[in-house]
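Undergrad: This is the structure I have questions about; it appears just below.
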Amino acid sequence: MPEVDLRKTGIWLLIGWIAATALFRGAPEVDLWIAALPYRTGHGFGGLVPASWEWLRLRIWDLSIILFLVSIPLWALARKIARPVLRVSARGWAYVFWLYLLGPVIIVNGILKAYSGRARPYKIEEFGGELTFTPVLQLSDQCSRNCSFVSGEVAAAVVLSLLIWMGLELWRRHMQPWTIYFGRAVAVFITGFICAQRIVDGRHFASDTVFAALVVLSVAWVLYGFLNAHWASSVHALVRRRIRRG
């Protein structure tokens, strides 16, 4: 796995959480203002979304599903043969699997989207619906399942983008410089496009996309620490010392 400065990335993540919370909790109308930009009275959302956007959105979603599924046999194979597969170690494939499982699958779709209760933009009164707008990070009863907070597709897109970026770092010695820059541009485009598509289509508020990214990046940070920085051993040693002292 490529080297990551956990201290520096941890600081940037903390700054991101503080800034996003201050903005969207301090001024919840920002969500409504952004959501209103693609909305057309009498037509609703989606009028600015060409069919090609929907096709590309589904293909990006398919890529995440494929990568998640293939990580399982590739992880097993790398462990069995005790060497990297496609230049990725068993630990690297484990990282791919657990990042998708813990981030988009369990935390985002299994917990946040299931219990946040936040209605999607196209369902609230401001945009022709019947439900009430709920500021971000506030529990509500306006939605019973598959709610707006946070965006599952953005979460998966951020994971895909992050893995592309990390893969480029892992393989950079075998690549031309322009291919690395191109790959990074693709990674940024994937997340940016999915965020824009979900907002323009009225399926998510801007805050849903921002916090989806923060959630999965935080999961990625913690998971990297446990798999690559030996946090598990450190935690285990700390617990043992506390038990002995107690």
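Undergrad: Taking the stated definitions as given, is PHE133 of a type in the set (Phe, Trp, Tyr) and touching a strand residue (DSSP E or B) at 6+ places or on another chain (Cβ under 8 Å)?
TA: Yes; evaluated as a whole, the condition is true for this residue.
Undergrad: Something else: Do you know which residues across the range 124-156 are on the phi > 0 side of the Ramachandran plot and either among the hydrophobic types (A, V, I, L, M, F, W, C) or over 20 Å from the mean Cα position of the chain (by Cα) (or both)?
TA: GLY128, LEU137
Undergrad: Every residue in the range 3-12 that is assigned to a helix (DSSP H, G or I) and either in contact with a Leu (Cβ under 6 Å, 6 or more places away or on another chain) or free of Cβ contacts under 8 Å to residues at least 12 places away in the same chain (or both), please.
TA: ARG7, LYS8, ILE11, TRP12
Undergrad: Please work out which one of (1) at pLDDT 95 or above; (2) touching a Leu at 6+ places or on another chain (Cβ under 8 Å) is the condition LEU86 fails and give its number.
TA: Just one mismatch for LEU86, condition (1).
Undergrad: Can you go through GLY117, GLY103, GLY110 and tell me which one is closer than 24 Å to LEU74 by Cα, modelled with pLDDT of 95 or more and either surrounded by 21 or more Cβ atoms within 10 Å (Cβ to Cβ) or more than 12 Å from the chain's Cα centre (by Cα) (or both)?
TA: Result: GLY103 is the single residue among GLY117, GLY103, GLY110 that is closer than 24 Å to LEU74 by Cα, modelled with pLDDT of 95 or more and either surrounded by 21 or more Cβ atoms within 10 Å (Cβ to Cβ) or more than 12 Å from the chain's Cα centre (by Cα) (or both).
Undergrad: Next question. Step by step: first the residues of the range 202-227, then only those that are modelled with pLDDT of 95 or more and of a type in the set (Gly, Ala, Ser), then the one that is surrounded by the most Cβ atoms within 10 Å (Cβ to Cβ). Which residue is that?
TA: ALA212
Undergrad: Go through (1) buried (at least 20 other Cβ atoms within 10 Å of the Cβ); (2) of a type in the set (A, V, I, L, M); (3) more than 24 Å from ASP31 (Cβ to Cβ) and name the single condition ALA157 misses.
TA: That leaves (3) as the condition not met.
Undergrad: Are any residues in the range 24-53 part of a helix (DSSP H, G or I) and touching a residue at least 60 places away in the same chain (Cβ under 8 Å), and if so, which ones?
TA: Residues satisfying the conditions are PHE24, ARG25, VAL30, ASP31, LEU32, ILE34, ALA35, ALA36, TRP53.
Undergrad: For ALA82, state whether it is surrounded by 18 or more Cβ atoms within 10 Å (Cβ to Cβ), more than 14 Å from ASP208 (Cα to Cα) and of a type in the set (A, V, I, L, M).
TA: no
Undergrad: Right, something else. So which residues in the range 131-184 are among the acidic types (Asp, Glu), assigned to a helix (DSSP H, G or I) and either modelled with pLDDT of 95 or more or in contact with a helix residue (DSSP H, G or I) (Cβ under 7 Å, 6 or more places away or on another chain) (or both)?
TA: Result: GLU153, single match.
The values are calculated or read from the model by the stated rules, or taken from the named source; none is laboratory data. None of the values given here were measured: they were computed from a predicted structure. In this analysis, Cβ positions are derived from the backbone assuming ideal geometry, glycine residues included, and neighbour counts consider all displayed protein chains.
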